[in-house]
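Down below is the structure, laid out as structure tokens.
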Amino acid sequence: GGREPVPFFKTNGLAPAAGFASTAEDLAAFAKWQFRALAERGNAAVLSGNTLREMQRVQYVDYEAEAVRGLGFGVWREGGKTFVGHGGSCPGHRSQLTLQVDEQVAVVVLANAQGVDTKHIAQVVYQVMAPALRAARQDPQGTATTARLGAFAGVYDTGFASELAVIPWENDLLAVELPSHQPLREAARLRRTGDASFRRVR
């Protein structure tokens, strides 16, 4: 099968709720602006940090719907951390902007498809990328791991209708069969034992 093209969706009266179109780059810039605004205690251009903090604080809880909201933002906890964000959905399109404010990490997911759980994808991307970003902040050149393991990184065809992504991860390699809904949980961790030999440790 294949995906059927969806006609352009005219939001008309729904424009206040569904009339915002953007790009991953612009949403990333929007996330960076939020991190800057939140770092400022006083007045800032467009919106003060104090106002933005209030928007991202829990303002509404619906226990039956399991919905927790700020003002224009969803708020949720996962893995002991608080996330804020907002998703979008129009015929043919799904999106998610997720922010972990304490670490100043944002994830943007845009999909040209219905039935895609973009919030889940954003959460998985955060789980994969946040440790790498923390390591990059400590070692901006990436020399520690990349120099030793970068030659093995790549995406390989398994011959069984899937691909195997091999990436440097901390001091080891991770081998992940794609597609995967939980790449960190399903990955094999490989520890180097020789010039071109590895042992699976997880």
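List of remarks:
- Qualifying residue in the range 62-73 (condition: of a type in the set (A, V, I, L, M), over 29 Å from VAL6 (Cβ atoms) and open to solvent by 80 Å² or more (accessible area, probe 1.4 Å)): yes
- When GLN141 is tested against (1) closer than 24 Å to ALA39 by Cα; (2) outside any strand (DSSP E or B), just one condition goes unmet, and that condition is (1).
- When VAL125, VAL107 are screened for being aliphatic (A, V, I, L, M), modelled with pLDDT of 90 or more and in a helix (DSSP H, G or I), only VAL125 passes.
- Residues that are within 16 Å of ASP102 (Cα to Cα), open to solvent by 70 Å² or more (accessible area, probe 1.4 Å) and at pLDDT below 90 were ranked within the range 9-49; the one that is nearest to the chain's Cα centre (by Cα) is ALA39.
- Of the residues in the range 187-201, not one is open to solvent by 60 Å² or more (accessible area, probe 1.4 Å) and within 23 Å of ASP117 (Cβ to Cβ).
- Filtering the range 173-181 for residues that are in a loop (DSSP other than H, G, I, E, B), in contact with a strand residue (DSSP E or B) (Cβ under 9 Å, 6 or more places away or on another chain) and open to solvent by 50 Å² or more (accessible area, probe 1.4 Å) leaves a non-empty set.
The values are calculated or read from the model by the stated rules, or taken from the named source; none is laboratory data. Just so we're clear, the structure is a prediction, and the values are computed from it rather than from any experiment. Note that each Cβ is placed from the backbone with ideal geometry, even for glycine, and that neighbours are counted across all protein chains shown. The protein model used for the area step is the full one, side chains on, heavy atoms only, and it has no ligands, DNA or RNA in it. Shrake-Rupley method; radii C 1.70, N 1.55, O 1.52, S 1.80 Å.
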